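Input: a single structure, listed below in structure tokens.
The values are calculated or read from the model by the stated rules, or taken from the named source; none is laboratory data. Just so it is clear, the model here is predicted, and its values are computed rather than measured. All Cβ positions, even for glycine, are placed from backbone atoms using ideal geometry, and neighbour counts span all protein chains on display.
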Amino acid sequence: MAERRIYYGGQAVIEGVMIRGPSSMAIACRKPDGQILVREQPLGGAYTGPLRRLPLVRGVIVMWETLALGIRGLVFSSNVAMGQEDNEINSRALWATAFASLALIAVIFFAGPLLLADWLESLVHNHWLVILIEGAIRLGAVVGYMAAIGMLPDVRRIYSYHGAEHKTIHALENGDALEPRAVQRYSTAHVRCGTSFLLTVVVVSIAVFGLVGDPDLWLRVVSRVVLIPVIAAIAYELIRFGGAFESSPITRLLMWPNLALQSLTTRQPDDAQVEVAIRAVQEVLHREGILERVSPKVAAEAEEHVEATPPLD
């Protein structure tokens with residue numbers, strides 16, 4: 001029987017990288033003194049339960065965990081950057097921030113484009129054309145936001161760590177050595193990137209919102225919000241399917257816009273940034289019981305400067 005493929009993913013944080021495995025996550029950050037600090041945390045509950053393996057349902061769970069774990073990683077990395085890594089993360093504040101972020105996303109990127117495109121309804125008299133215009137506005141907002149924040153020096157640093165994360169995941173998936181020289185040979189673009197997910201969400205939203213029809217404006221606004229989980233679920237399955245067949249020329253062609261868009265959110269990393277990404281991946285592999293089979297020596301070294309925290313439910 002073929003071995004089930006295990007997907008590893010991550011996110012760039014402030015001067016670091018977060019990597020998520022099947023049952024654990026690790027954040028590696030470069031401290032102001034140059035050392036690398038790694039925090040490892042087991043995952044539980046909805047993050048690893050049976051629902052996460054159900055098609056469509058898993059997309060909604062992944063959307064939430066990406067936001068929740070991402071905020072947790074950013075808070076920790078900002079504390080490390082300020083030399084306050086011992087500060088505990090307030091769970092209530094974390095949940096409040098996550099819900100506030102979802103509400104902001106719903107208003108700006110889903111309800112907002114609808115309101116901007118609505119006045120064209122009386123001029124165009126074509127429902128699907130208005131939906132396409134709404135989708136174009138939504139895409140413009142997403143791309144404009146990513147390009148605008150990418151002009152900030154601190155964000156450009158995060159984008160470089162994003163590139164380091166992608167390169168390291170590529171090396172891992174291709175069975176290459178987890179060392180800077182080998183990792184640097186790979187591309188900064190990856191088919192399962194969150195940037196690709198956003199573009200896929202925009203495309204899927206055009207079809208889904210088109211099927212909603214043309215009810216009263218308030219109903220359309222509500223539909224843009226309540227259907228976000230449905231759109232995210234479909235988009236996730238498409239991205240996952242593309243990742244499973246990424247070597248296919250047809251898949252590469254269909255995924256080309258997604259890969260091209262990642263030029264906005266990734267930069268070429270230096271070796272020091274790649275080292276941080278490698279440490280995060282090594283820690284997850286070690287905690288998942290895989291790294292020992294790859295390199296016992298590296299597994300032993302990975303024990304140094306590692307903080308363990310209680311399971312995250």
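When you go through (1) at pLDDT 90 or above; (2) more than 28 Å from residue 8 (Cβ to Cβ); (3) hydrophobic (A, V, I, L, M, F, W, C) one by one for residue 230, which number turns out not to apply?
Going through (1) at pLDDT 90 or above; (2) more than 28 Å from residue 8 (Cβ to Cβ); (3) hydrophobic (A, V, I, L, M, F, W, C) one by one, residue 230 breaks only (2).
For region 125-184, what are the residues that are within 18 Å of the chain's Cα centre (by Cα) and β-branched (Val, Ile, Thr)?
Correct list: 142, 143, 149, 155, 158, 168, 169.
Within region 222-238, take every residue that is closer than 23 Å to residue 144 by Cβ and β-branched (Val, Ile, Thr) and give me the one that is farthest from the chain's Cα centre (by Cα).
225
Return the total of residues in region 176-217 being without any contact (Cβ under 8 Å) to a residue 40 or more places away in the chain and under 20 Å from residue 70 (Cβ atoms).
Residues in region 176-217 being without any contact (Cβ under 8 Å) to a residue 40 or more places away in the chain and under 20 Å from residue 70 (Cβ atoms): 1 in total.
Take the residues in region 121-140 that are surrounded by 15 or more Cβ atoms within 10 Å (Cβ to Cβ) and free of Cβ contacts under 8 Å to residues at least 24 places away in the same chain; name whichever of them is nearest to residue 212 (Cα to Cα).
Restricting to residues being surrounded by 15 or more Cβ atoms within 10 Å (Cβ to Cβ) and free of Cβ contacts under 8 Å to residues at least 24 places away in the same chain, the top hit is 130.
Being over 22 Å from the mean Cα position of the chain (by Cα), surrounded by 15 or more Cβ atoms within 10 Å (Cβ to Cβ) and modelled with pLDDT of 85 or more is the filter here; which residues of region 70-114 pass it? It would help to see each step written out before you state the result.
The initial filter retains those residues of region 70-114 that are over 22 Å from the mean Cα position of the chain (by Cα), namely 82-88, 90, 92, 111-114.
Those still in the list that are surrounded by 15 or more Cβ atoms within 10 Å (Cβ to Cβ) too: 85, 111-114.
Within region 70-114, 111, 112, 113, 114 meet the criteria.
How about region 234-256: which of its residues are over 16 Å from residue 195 (Cα atoms), part of a helix (DSSP H, G or I) and among the hydroxyl-bearing types (Ser, Thr, Tyr)?
251
So residue 37 passes all but one of these: (1) among the aliphatic types (A, V, I, L, M); (2) part of a helix (DSSP H, G or I); (3) in contact (Cβ under 8 Å) with a residue 60 or more places away in the chain; (4) farther than 23 Å from residue 200 by Cα. Which condition number does it fail?
Checking residue 37 against (1) among the aliphatic types (A, V, I, L, M); (2) part of a helix (DSSP H, G or I); (3) in contact (Cβ under 8 Å) with a residue 60 or more places away in the chain; (4) farther than 23 Å from residue 200 by Cα, the one that fails is (2).
For region 188-221, what are the residues that are at negative phi, assigned to a loop (DSSP other than H, G, I, E, B) and over 12 Å from the mean Cα position of the chain (by Cα)?
Result: 188, 189, 214, 215, 216.
Within the set of pairs 6 or more residues apart or between chains, which connect a residue that is assigned to a helix (DSSP H, G or I) inside region 91-107 to a residue that is charged (D, E, K, R) and modelled with pLDDT of 80 or more with Cβ atoms less than 9 Å apart?
If the second residue must be charged (D, E, K, R) and modelled with pLDDT of 80 or more, the pairs left are 94/72; 106/224.
What number of residues in region 17-48 are closer than 16 Å to residue 288 by Cα and not basic (Lys, Arg)?
The initial filter retains those residues of region 17-48 that are closer than 16 Å to residue 288 by Cα, namely 18-27, 38-44, 47-48.
Then drop every residue that is not not basic (Lys, Arg), which leaves 18-19, 21-27, 38, 40-44, 47-48.
Within region 17-48, residues that are closer than 16 Å to residue 288 by Cα and not basic (Lys, Arg) number 17.
Based on what the data block shows, is residue 51 out of contact with any strand residue (DSSP E or B) (no Cβ under 9 Å at 6 or more places or on another chain) and either of a type in the set (D, E, K, R) or without any contact (Cβ under 8 Å) to a residue 60 or more places away in the chain (or both)? Give the steps one after another, and end with the answer.
Numbers: out of contact with any strand residue (DSSP E or B) (no Cβ under 9 Å at 6 or more places or on another chain): yes; either of a type in the set (D, E, K, R) or without any contact (Cβ under 8 Å) to a residue 60 or more places away in the chain (or both): yes.
The answer is yes for residue 51.
Of all residues in region 236-279, count the ones that are buried (at least 23 other Cβ atoms within 10 Å of the Cβ) and over 21 Å from residue 168 (Cβ atoms).
1
Taking the condition under 25 Å from residue 108 (Cβ atoms) and in a loop (DSSP other than H, G, I, E, B), does residue 185 pass?
Working: under 25 Å from residue 108 (Cβ atoms): no; in a loop (DSSP other than H, G, I, E, B): yes.
Considered against the rule, which asks whether it is under 25 Å from residue 108 (Cβ atoms) and in a loop (DSSP other than H, G, I, E, B), residue 185 comes out as no.
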